[in-house]
Each structure stands twice: as C-alpha cells, then as structure tokens.
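To keep things clear, I will list the structure first and then write my remarks on it.
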Amino acid sequence: MSYLSDFINYLQATKNLSEKTLKAYSSDLNQFFGYEKNIVKPDICAFISYLNRQLKLKDTSIRRKIITLKNFYNYLLDIDIIDFSPFRKLKFRFKQEKKLPKTLTIIEVGKILKCLNIDPTNLSSFVQKGYIRDAALLDLLICTGIRIGEAAALTIDDIILSERTLLIHGKGRKQRLIYISSSQTWDRIKTLIKERKNCKDKHLFVNRYGQPLSIHGIEDIYKKYTKKAQINTKSTPHYLRHTFATNLLANGADLRSVQEILGHASVATTQIYTEVTTARKKQVLRKFNYRNKIL
C-alpha cells in the first residue's frame with residue numbers, strides 16, 4: 001500500500017528514526033493491513049481484541065502497535081486522506097507489568113573476569129587474537145553497561161584516546177560519551193587496537209573474517225565465557241548492563257547520572273533499578289533505623 005511506504009518515508013525524513021524502529025513500524029502496519037480491509041474507517045477495537053485474545057500478545061507489544069497506528073492515522077489526517085482519526089475517542093488502559101531487571105552477583109562477574117586474566121603469549125596466534133578481542137569486549141560490557149548493539153557498532157573513530165573515552169551510538173541515533181574508569185579495561189581496549197591495526201574494517205570488534213562482529217556473535221562469546229566461569233548459563237549479556245546499573249545506584253550514584261550513562265530517554269526507565277538495590281536499603285536501615293536502638 002502506497003500510504004504505508006509514504007508514511008515510512010515521512011518518518012525517515014522527519015523523525016530521524018533508526019532502521020530497527022522503521023522496520024517495527026512497517027511490521028505493525030503490515031499486520032494491521034492484513035487484518036483490516038477498511039483502512040479509512042477501521043474497527044480499531046476489533047483489531048486490539050484480535051491481538052489480545054487470538055494472538056495473546058503481551059500488553060507491551062499491543063501498546064506499541066497502538067502507538068504506531070495512532071501516528072499513522074495522524075499522518076493520514078495531516079495529508080487530508082481522512083477527516084478524523086479513529087483514535088479520537090478511544091482510550092486504552094493496560095496493566096503495568098513490573099519486571100525487575102535480572103542481574104549477576106559481584107562474585108559471578110568476578111568469575112568472568114578471572115577467565116579473562118590469562119597470559120595470551122602462551123596461546124597460538126589464532127587463539128590469541130580471539131582472546132584479546134573477547135577480553136576487551138566482555139570487560140567493556142562489564143565496565144560501562146553499554147548495550148551489545150552499541151558495542152557491535154563501535155568503530156576505531158569512536159575511540160578518543162586522549163580522553164580515555166568512547167563515543168556511543170545509542171537508540172534513536174542519540175550519542176553519548178562514556179569514560180572508561182577501569183585501567184585494566186582501557187588497557188585491554190588499547191591492546192585490541194594494536195592487535196587489529198592491519199584490519200581493513202573500522203569496527204572495533206570483528207570476527208575471524210575481519211567483518212563486524214554481530215549481536216549474535218557477541219551473545220555466543222558471552223555464553224562461551226559463562227560456561228568457562230561456571231555461572232548462570234541462562235543469563236544473557238544484558239544481565240551485565242543490569243548489574244552495572246544496579247551497582248552504580250547501590251553504591252550511591254544519583255538516578256539522573258545513571259540515566260545519562262545508560263542512555264535512557266526517560267528517568268522512569270532507570271528507576272526500575274532502584275528496586276533491586278536491596279543491599280543499599282539494608283545498609284541504610286541497619287545504620288539509621290531508630291528501632292534498632294530500642295531494647
């Protein structure tokens with residue numbers, strides 16, 4: 001349908017959205033067009049019911065599709081294809097499902113780092129290259145809490161050597177600077193840069209063929225080292241991001257700073273990590289609760 005392609009082109013030109021977001025818009029609208037034949041006067045409630053009862057989608061997925069459709073019909077309204085939006089008098093309410101972020105313990109993270117603390121000179125040339133990359137990658141995820149997609153997108157040009165800083169390309173094409181606070185992490189990144197100096201591709205992390213390391217490649221590397229470390233094999237690299245954020249807050253970092261470091265658009269997203277900082281809550285209660293002193 002031409003309206004769909006026109007709408008996607010409009011979003012691309014005016015909203016500066018990422019390719020991933022544009023694909024999500026296209027997917028949502030194609031699903032809607034496959035269900036609803038009367039685009040000008042659609043039965044939105046019937047479509048939402050279909051998503052809920054027949055497809056049994058999660059509230060978060062349905063909410064996203066509603067946002068997509070609202071934006072699409074506002075676009076049709078702006079270009080005079082329709083006289084009013086079918087969402088004009090509709091209100092939807094969803095239960096807010098509150099899932100706490102899953103994290104690793106400090107001991108588990110320490111076990112991963114311990115697996116990285118080996119002497120690469122004892123390895124064969126081929127294995128050595130892989131180890132240097134893996135050590136820099138995993139240590140970077142642990143030290144900065146960046147997303148694996150952000151790690152995969154890093155290039156040599158994003159490294160500011162004089163400032164010990166990385167330029168991170170986040171969601172919605174937003175950029176932020178991350179300082180590498182750990183000397184060991186920074187040393188591993190510098191070692192990787194020296195190791196891959198003859199690589200033609202500018203991406204910091206590449207596979208054995210010299211091509212950019214994919215998200216799935218990073219997940220495989222993480223899985224490999226969790227097995228070596230004998231920790232939670234059901235965990236994912238995103239656990240490292242959750243662990244990073246939770247411990248920043250537990251150690252006294254303010255919410256707004258953590259939001260900026262993580263690249264969250266809203267502080268509400270960051271706030272969920274305060275729910276898992278139980279260690280800090282225990283510390284505060286043990287130290288300041290007046291009841292402790294009454295015998």
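The values are calculated or read from the model by the stated rules, or taken from the named source; none is laboratory data. Please read all numbers here as calculations on a predicted model, not as lab measurements. When we count neighbours, we look across all protein chains shown, and the Cβ atoms used for this are built from the backbone with ideal geometry, even at glycine. Ligands, DNA and RNA are stripped out before the accessible areas are found, and what is left, the full protein with its side chains, is counted by its heavy atoms. Shrake-Rupley method; radii C 1.70, N 1.55, O 1.52, S 1.80 Å.
Computed quantities for the displayed model
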item	result
Mean accessible surface per residue for the stretch 143-276, computed with a 1.4 Å probe while every protein chain stays in place, in Å²	54 Å²
Distance (nanometres) between label positions extended 7 Å along Cα→Cβ at TYR3 and LYS91	2.7 nm
Kirkwood-based Rg to Rh ratio, the chain, C-alpha trace	1.05
Segments 161-173, 145-157 sorted - mean Cβ within 10 Å per residue, highest first	145-157, 161-173
Selection from VAL276, LEU137, ILE221, by position along the positive dipole direction of the chain (Cβ)	VAL276
Length added when fully stretched, TYR290-ILE82, from 0.36 nm per residue minus Cα-Cα	68.4 nm
Test item: Cα-centred dipole of the stretch 161-254, Lys/Arg +1 and Asp/Glu -1 on Cβ, debye	320 debye
Space enclosed by the convex hull of the alpha-carbon atoms of the stretch 181-295, per residue, Å³	174 Å³
Computed lengthening from LEU55 to SER124, 0.36 nm per intervening residue step minus Cα-Cα distance	19.7 nm
Cα-based Kirkwood hydrodynamic radius, the stretch 1-82, one decimal, Å	13.2 Å
Difference of contour (0.36 nm per residue) and Cα-Cα distance, ALA46 to SER26	5.2 nm
Of all accessible heavy-atom area on the stretch 1-127, the percent that carbon and sulfur account for (1.4 Å)	52 percent
Simple label model, 7 Å out from Cα along Cβ direction - ILE193 to LEU177, nm	1.5 nm
Pairwise label distance in nanometres, LYS37 with GLN230, each label 7 Å out on the Cα-Cβ vector	6.4 nm
Total charge dipole magnitude, the chain, about the Cα centre, Cβ charges on Lys, Arg, Asp, Glu only, Debye to nearest 20	1280 debye
